[in-house]
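Chemist: Sharing a structure below in structure tokens format, with a few things to ask.
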Amino acid sequence: MGCILGLRVSPTHRRKGVGLKLITSIEEWMLRNGADYAFLATEKNNNASKNLFTNKCNYVNLTSLTIFLHPTTFPTNHISNKDIKIDKINIDQAISLYTRIFKTKDLYPLDMDVILKEKLSLGTWVSYYKNEGFKLNNEDITTNSSWIIFSLWNTCEANDNKVHDKTKLFQPLRFLHATLNHAKDKICPCLRMLGNESLMCESLGFLFLYGLHGEGENLGGLMESIWSFTSKLGEKLKDCRLVITELGFGDPLVNHVPQMESMSCIDDMWYTKRLARDSDDDVDDELVQQQVMKRQLGNVFVDPRDF
């Protein structure tokens with residue numbers, strides 16, 4: 001799957017077919033480099049982009065998601081529950097748990113071990129209620145209680161690397177630089193709507209909550225403790241202004257994100273298109289795409305490298 005990020009056309013050159021030509025050219029490059037599908041995303045209220053993707057480029061809606069963002073300063077009236085504990089687990093335990101968890105996801109990466117071992121990944125934690133029989137072994141969790149697993153991605157360090165090594169930006173950071181700007185394009189308008197001028201977009205760093213998965217009936221308190229825990233960690237990091245996560249519309253945790261006036265939301269939409277076609281296959285390409293995408297995917301994993 002090839003991902004198209006940060007598609008922008010200068011306002012003075014819009015409605016001239018530039019966006020269509022860009023997408024067509026990128027798709028041709030993807031095909032030459034072995035991609036079977038193309039993927040891109042846009043905000044739900046961006047009607048011009050949605051029209052371009054669906055009506056002119058034949059993309060189909062893969063899923064709808066919500067981006068949740070909150071300043072690192074967490075409200076004092078939302079304090080951590082003393083009955084809740086948050087433990088860090090090692091990478092091997094995290095890989096094993098995520099391998100099992102991903103069976104419940106509609107879309108997920110096959111290289112989770114690579115993501116967890118990235119320098120920007122700070123680690124993986126499990127949040128649970130203390131006195132309810134929670135037990136973590138090497139491969140699984142045994143408990144009758146509720147629990148949530150989550151990992152953290154630190155974009156602040158990427159920002160710091162950009163400042164200190166502008167002339168020697170090697171490929172992974174060059175890609176990350178593009179994705180961070182893509183994220184800022186989504187986040188900064190939301191901050192302006194909030195009138196939050198203290199969060200300057202030029203030095204915007206954030207912690208990204210990824211790999212969120214919960215089981216049990218009492219997830220609300222756990223999510224609030226996770227958000228408080230992450231906010232406190234972010235306050236200690238240079239240039240960290242926000243805590244952000246993104247969840248699919250069918251993710252059970254969507255309904256348990258802390259409800260606060262200072263919590264902002266951005267509706268996001270993912271689209272995909274089948275690029276590769278076997279010349280020996282007589283099946284109509286559009287029919288194949290419809291069969292592949294029979295329904296919107298509701299419970300997806302958001303890769304921090306693509307945010």
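Chemist: Using a cut-off of 12 Å between beta-carbons, work out the net charge of the residues near Trp153 (Lys and Arg +1, Asp and Glu -1, Trp153 not included).
Modeler: Within the 12 Å Cβ shell, the charges total -3.
Chemist: Putting +1 on Lys and Arg Cβ atoms and -1 on Asp and Glu Cβ atoms, find which of Ile91, Ser25, Ala48 reaches farthest to the positive end of the dipole of region 1-110.
Modeler: Final value for the positive-end residue is Ala48.
Chemist: Just the Kirkwood number for region 54-139, please: inverse of mean 1/r across all distinct Cα pairs, in Å, one decimal. Can you show the working numbers first?
Modeler: Numbers: mean 1/r = 0.0598 Å⁻¹.
The answer is 16.7 Å.
Chemist: Another one. Hey, how many Å between the Cα centroid of region 99-160 and the Cα centroid of region 227-246?
Modeler: Computed from Cα coordinates, the inter-centre distance equals 17 Å.
Chemist: Also: Mind checking region 112-148 for trypsin sites (Lys or Arg not before Pro) that DSSP puts in a loop (not H, G, I, E or B) and that have at most 14 other Cβ atoms within 10 Å?
Modeler: Sites meeting the loop and neighbour criteria: Lys119, Lys130.
Chemist: What figure, in Å² to the nearest 10, do you get for the accessible area of His70 with a 1.4 Å probe and non-protein molecules left out?
Modeler: Surface accessible to solvent at His70 totals approximately 0 Å².
Chemist: Go through region 1-93 and name the trypsin sites (Lys or Arg not before Pro) that are in a DSSP coil and have 14 or fewer other Cβ atoms within 10 Å of their Cβ.
Modeler: Of the trypsin sites (Lys or Arg not before Pro), the ones in loops of region 1-93 whose Cβ has at most 14 other Cβ atoms within 10 Å are Arg8, Arg14, Arg15, Lys16, Lys44, Lys82.
Chemist: Now, a different point. Excluding ligands, DNA and RNA, what is the solvent-accessible area per residue of region 1-101 at a probe of 1.4 Å, expressed in Å²?
Modeler: Heavy-atom SASA per residue in region 1-101 reads 59 Å².
Chemist: With 22 Å as the limit, write out which pairs from Lys103/Lys232; Lys85/Lys119; Lys56/Lys273; Lys105/Lys236; Lys85/Lys105 have Cα-Cα distances beyond it, or answer none.
Modeler: Numbers: Lys103/Lys232 32 Å; Lys85/Lys119 25 Å; Lys56/Lys273 12 Å; Lys105/Lys236 33 Å; Lys85/Lys105 26 Å.
Listed pairs above 22 Å: Lys103/Lys232; Lys85/Lys119; Lys105/Lys236; Lys85/Lys105.
Chemist: For region 227-267, which GluC sites (Glu not before Pro) are in a loop by DSSP, counting at most 14 other Cβ atoms within 10 Å?
Modeler: Loop-located and lightly packed - Glu261.
Chemist: How large is the direction-averaged shadow of the alpha-carbon convex hull of region 1-159, in nm²?
Modeler: Details: hull surface 54.4 nm².
Spelled out: convex hull of the Cα atoms, projected over all directions, averaged, 13.6 nm².
Chemist: Let me know the charge dipole size of region 5-133 about its Cα centre in debye, to the nearest 20, where only the beta-carbon of Lys, Arg (+1) and Asp, Glu (-1) is charged. Don't skip to the end; give the middle numbers.
Modeler: Working: 18 positive and 12 negative charges, 120 e Å.
The calculated dipole for region 5-133 is roughly 580 debye.
Chemist: Now for a different question. For region 204-268, state the average projected area of the convex hull of the C-alpha atoms over all orientations, rounded to one decimal in nm².
Modeler: With every direction weighted equally, the projected area is 4.8 nm².
The values are calculated or read from the model by the stated rules, or taken from the named source; none is laboratory data. A quick note: this is a predicted structure, and the numbers were derived from the prediction, not measured. Cβ coordinates were reconstructed from backbone atoms using ideal geometry, including for glycine residues, and neighbour counts include every protein chain displayed. Each accessible area value is taken on the protein alone, full model and side chains, heavy atoms only, with ligands, DNA and RNA left out. Shrake-Rupley method; radii C 1.70, N 1.55, O 1.52, S 1.80 Å.
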